[in-house]
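A short worksheet on the structure shown next.
Read-outs: derived from the displayed coordinates by stated rules, not from any lab. Predicted model, so just to flag it, every value in this text is computed and none were measured. Cβ: placed from backbone, ideal geometry, glycine included. Neighbour counts: every protein chain shown.
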């Protein structure tokens, strides 16, 4: 019996780990979005979570309501969210060029409020849902269950991480985006079009958010106001990993997801969020620059 | 001609404006005897106290804090619980309501304000979340989601502040005093030091200014003022619940300051008034409230840098300069 | 007697050695110049003396006290003043207020005193306003007293920064390339100012690229290259030292 119980706990832990990694991958996606915009502009974009919300709401609507088949729905949703990101940069960020960080961060909060309230007007308060991309039949996995969607999500974050890493490391435009964050003037003087870099960073990071949203619909109920929580968790993940560090964003996301789901097993679910936030504060106190960050903080 | 000029100059004069404002506050309960209007004035006063520290912190230290709702709630719960559960005298509860969030802010500030950038913003967001979870989950202490009932009215010794009109005077006395306090700070050695810090932390340091010390002090002030506001709120409405102190409120307060203008007192008063009447502003079109609000924020940031009062302030200065020529 | 003694001062940035085991002394009431090519570590040395960045190792003894253990903002009160390479004046304060900030360390009104507008604080305000006006008069900036400092022309911003640093009543004044960006006429005026400041009893440590100015005003010259001290001595010897000529002046030769 003792052995049986042991196995039981082990599979439970495995279950928590699986759901933690799944959730954490989504956080990582949002955190990566934060990172991209932060690295080019030094802005923390408080509308980042709303990109996730739009991705989720759009794909569910396109597929369920307009009966567009899944893949085109997904691509179209991501495209629209990317366009929303671009539009945000053109209408709000660019006109405020050169006024300092405070108004820019505030305007992303304004964008978030507008996105949120438009979403309420468009979709109302009812949650939307979508079937898993490869069905909803759970896979047995060492005594735990694994939803096929989990594989999609984890696969996506791995692909995105690799793609982004190569993008920043090996492509000219990726290098140029990094150069912007180091020094605007210097970047401009070596012929980098800073404007285009900022615009691209918003489009790219919106697309990432959209992707996160698309992926998350099958495993959760999505609603008009999910963006705020996503922003919070993504920001927490980005800070946890070290704001500005792309690998940090991924690690931060996964750690946050794991902390959340494992704390579920330890305390009542009501405390889940506060445990995570506590962990976050503790990490920041011990390692103020986050798990992998170092360059972007001075003590 | 000259008399007209003098008159106009007089109207633009801040002291006269302030005098008129205080006069209106004094006679307000006599002219507007309807409960609803007095409520508007009371809540505006409470929001002034809630915003005053935050405006110093954002406008003069240049950092974001989203902890304001948590400090506000901490103040409200502190004095409510002390007075209802432990039977502590209300004025003592009121003082504790200022002290506890102040100490919390001091502790958090000391640990995180040495860091630059967005870290404090994150920690304050987290604090707000933790506070909300704590008051919702700790049924035995805080009453959980159903909150605390039967909070006694404010009283100082034998004097009980029960009628709305008398509450109006108490709230606004505290509000005006806190505005004066904050204005005095900005117009003095400390205010100059804060502006210096904002200009260049390095230059401020070599001139002997304790940069993180000042940040911590002002952050502590945000905690104290929010706690007092929370206590004023709790003893007026006599019933509080976690829903009064959400992260949404924190975000709202930061945003409303950006709209009103973080750099001056009129921005605080304006933000407080707007916060009170906003829910009723669009009448039957209430569902467009937040959309309109978001658009206002974006437009203000784009076209009125420094906030509404910042721009009006400059216009007045300009007009004054012209009149003086 | 030396006012400032620096022993084995070293600063690492992520493995990069910016200042490498540097020793020197600054005599009281002298003008000491630090020269060297870009990236030689001059500003890093200045930063460590003025508290903006702790040394990795080594010690800085000022007026008989070890500075590396003192909180950075307290150095000002101990008598160290600093002027930056690019003037860091406070653009949103008036010219007068900028100088008044210079008296910060000599005044005491805290948050509560200023918030309550206590008489002691008002007295203090009036006093430092008077003092600040005197400093402005000294630098011929009195007429722009009420202007926002950010609107001053560059040359005057530099003068304002020096006036502000002098308001702290430093025993040691650190000047980081004070003539950078000035016209020859302005440079000449500044040179005389520096001599006046020295004559009034303030010790000066200066980083400067304008060598003719360095040689004409300084009593002692320290040459840094790649973070190391390669020479020190009176200006007349610096010109003749082959290592200095080679490392710093290169083949251009000395005028």
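Observations on the model:
- Computed over the stretch B:123-277, Kirkwood Rh from alpha-carbon pairs, angstrom: 18.0
- Pairs of Cα atoms farther than 31 Å apart, chain A, %: 29
- The fewest-to-most ranking of B:216, B:16 by surrounding Cβ atoms within 10 Å reads B:16, B:216.
- Reciprocal of mean inverse Cα separation for chain C (Kirkwood radius, Å): 19.2
- For the stretch A:53-179, the alpha-carbon radius of gyration amounts to 1.35 times the rule-of-thumb value 2.2 N^0.38 Å expected for a compact globular protein.
- Largest-first principal axis extents, alpha carbons of the stretch B:78-194, Å: 44, 38, 20
- Separation between Cα centres of the stretch C:141-206 and the stretch B:98-171, rounded to whole Å: 49
- Chain C: calculated mean residue ellipticity at 222 nm from DSSP helix runs of at least 4, using -39500 (n - 2.57): -10000 deg cm²/dmol
- Maximal additional length on extending the residue A:118-residue A:158 stretch stands at 11.2 nm, based on 0.36 nm per residue less the C-alpha distance.
- Percent of Cα pairs exceeding the 25 Å cut-off, where the set is the stretch A:1-108: 44
- When you work out D = kT/(6 pi eta Rh) for the stretch C:67-156 at 37 °C and 0.692 mPa s, using the Kirkwood radius from C-alpha pairs as Rh and the Stokes-Einstein form, the result is 224 µm²/s.
- Computed from the Cβ-Cβ distance with R0 of 56 Å, the FRET efficiency linking residue C:38 to residue B:15 stands at 0.55.
- Inter-site label distance for residue C:200 and residue C:138 at 7 Å from Cα along Cβ, in nm: 0.2
- Order of A:180, A:159 - criterion: other Cβ atoms within 10 Å of each residue's Cβ, fewest first: A:159, A:180
- The stretch C:1-128 shape via C-alpha gyration tensor axes, a/c threshold 1.5: prolate
- The residue B:198 and residue A:171 beta-carbon pair, evaluated with R₀ = 35 Å, returns a calculated FRET efficiency of approximately 0.35.
- Each of residue C:126 and residue A:101 was given a label point 7 Å from its Cα along the Cα-to-Cβ line. The distance between the two points is 4.2 nm.
- Dividing the mean sequence gap of close Cα pairs (under 8 Å, 6+ apart) by how many residues chain B holds gives a relative contact order of 31 percent.
- Prolate/oblate/rounded label for the stretch B:134-210 (Cα gyration tensor, a/c 1.5): oblate
- Figure legend: label point modelled 7 angstrom from the Cα of residue A:87 along Cα→Cβ; residues of the stretch B:250-289 with amide N under 20 Å from it are B:288-289.
- Computed over the protein assembly as shown, Cα set: Rg, Dmax in Å: 30.4, 101
- For A:104, A:121, C:173, B:56, order by how many other beta-carbon atoms lie within 10 Å, fewest first: A:121, A:104, C:173, B:56
- Chain A, relative contact order [Cα under 8 Å, separation at least 6], %: 36
- Other protein chain C-beta atoms within 10 Å of residue C-beta, averaged over A:272-283: 4.
- With eigenvalues of the C-alpha gyration tensor scaled by 5 and rooted, chain B, Å: 32, 26, 20
- For the stretch C:139-185, the square roots a ≥ b ≥ c of the C-alpha gyration tensor eigenvalues yield an a/c of 1.5 or more together with a/b not exceeding b/c, which makes the shape oblate.
- Label point distance in nm, residue A:75-residue A:286, each placed 7 Å from Cα along Cα→Cβ: 4.6
- Against the compact-protein benchmark of 2.2 N^0.38 Å, the Cα-based radius of gyration of the stretch C:1-68 scales to 1.07.
- In terms of overall dimensions, the stretch C:132-255 has a Cα radius of gyration and Dmax of 16.5, 52 angstrom.
- Using C-alpha pairs below 8 Å separated by at least 6 residues, the relative contact order for chain C is 28 percent.
- R0 of 41 Å, Cβ-Cβ distance residue C:228-residue A:188: FRET efficiency to nearest 0.05: 0.70
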